[in-house]
Amino acid sequence: MDDQVVITAVASGEVDTAELWDAHAAGAEGRRDVNKWTRELPERIAELAGHALAGAGGADPGGTACVIGSVYGAGHVAETMRARLDAGARSSLAPESFLYFNAHGVTSLICLRHELRGYCATVLGPGAGLQALALAQRRLRLADEGPVLCGAYEMLSPAAARAQGVDPVTGWAAFVVLETAARARGRGARVLARLDPVRTCPPPPERAADLRATAPLAELAASLTDDGAPTTTTVVAAGRRHGYRCTAHKEG
């Protein structure tokens, strides 16, 4: 079917946040490094997004949309500002970090770095990875557009993890490039998999404590790049009220 949503590229990898959280824990002595990592880590996420876009081979950035999910976004920047204001260190706030002091900061950076000028959105909260995938699929089905870069990233700070009652999670980013089958065929792109719609389901008990927005997209990426993986992969995620489920069918 021409309107079938397909995956034409994937990319996934660790974005090590350990030095950022160490700098946070160091207080005033770590402020310079907090500023450094606040700028550098989103650039690493954007670099991984670039690998996915390159893998899609020749997609027009002017027509490429971008939908990104995250449990916490770049909210650690707000933590930094609050800590410095509480300590009376107003002059140490770094204006260049303000870009990241909003939920859309990392998504905006990805678009700027790769000149993406299509639809753009950010989804936050538990289940955000598959919610972003659902939004990207809906966009392709409702609007006759080019590819959608769909991804998720983790920068869950120790403070945020404590507030959620979980252990800190490893920094990670994962991306897939989605297109309609007709557009992928029209530009000669290689199709890695056909993708069923994201559907709601009862919250999966085994994932109830797994807050990682990247987990389902990283699982998809691993499956589609492993020749020995099953031809069908179903990924699930737990949201606040219910779960999400999506199945990919390998091609070729």
Any hit, the stretch 78-96, residues being in contact with a Pro (Cβ under 9 Å, 6 or more places away or on another chain) and either open to solvent by 30 Å² or more (accessible area, probe 1.4 Å) or not hydroxyl-bearing (Ser, Thr, Tyr) (or both): no
Subset tally (residues that are assigned to a helix (DSSP H, G or I) and either within 17 Å of the chain's Cα centre (by Cα) or of a type outside the set (Val, Ile, Thr) (or both)) for the stretch 4-37: 18
Subset of the stretch 20-46 [polar (S, T, N, Q) and either open to solvent by 70 Å² or more (accessible area, probe 1.4 Å) or more than 14 Å from Gly105 (Cα to Cα) (or both)]: Asn35
Residue satisfying all of: in the stretch 233-252; assigned to a loop (DSSP other than H, G, I, E, B) and open to solvent by 20 Å² or more (accessible area, probe 1.4 Å); farthest from Gln164 (Cα to Cα) among these: Gly252
All positions within the stretch 4-19 that are open to solvent by 10 Å² or more (accessible area, probe 1.4 Å) and touching a Lys or Arg at 6+ places or on another chain (Cβ under 6 Å): Gln4
Selected residue (criterion: nearest to Cys246 (Cα to Cα)) from residues of the stretch 127-166 that are open to solvent by less than 20 Å² (accessible area, probe 1.4 Å) and assigned to a loop (DSSP other than H, G, I, E, B): Gly127
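Answer yes or no: is there a residue in the stretch 54-61 that is open to solvent by less than 30 Å² (accessible area, probe 1.4 Å), under 14 Å from Ala9 (Cβ atoms) and among the aliphatic types (A, V, I, L, M).
Step one: filter the stretch 54-61 for residues open to solvent by less than 30 Å² (accessible area, probe 1.4 Å), giving 56, 59.
From the residues that got through so far, the ones that are under 14 Å from Ala9 (Cβ atoms) too are 56, 59.
With the extra rule that they be among the aliphatic types (A, V, I, L, M), the set shrinks to 56, 59.
Yes: one or more hits.
The values are calculated or read from the model by the stated rules, or taken from the named source; none is laboratory data. None of these values were measured; they are calculated from a predicted model. Using ideal geometry, Cβ is built from the backbone for each residue, glycine included, and neighbour counts are taken over all protein chains shown. Side chains are part of the model used for accessible areas, which takes the heavy atoms of the whole protein and leaves out ligands, DNA and RNA. Shrake-Rupley method; radii C 1.70, N 1.55, O 1.52, S 1.80 Å.
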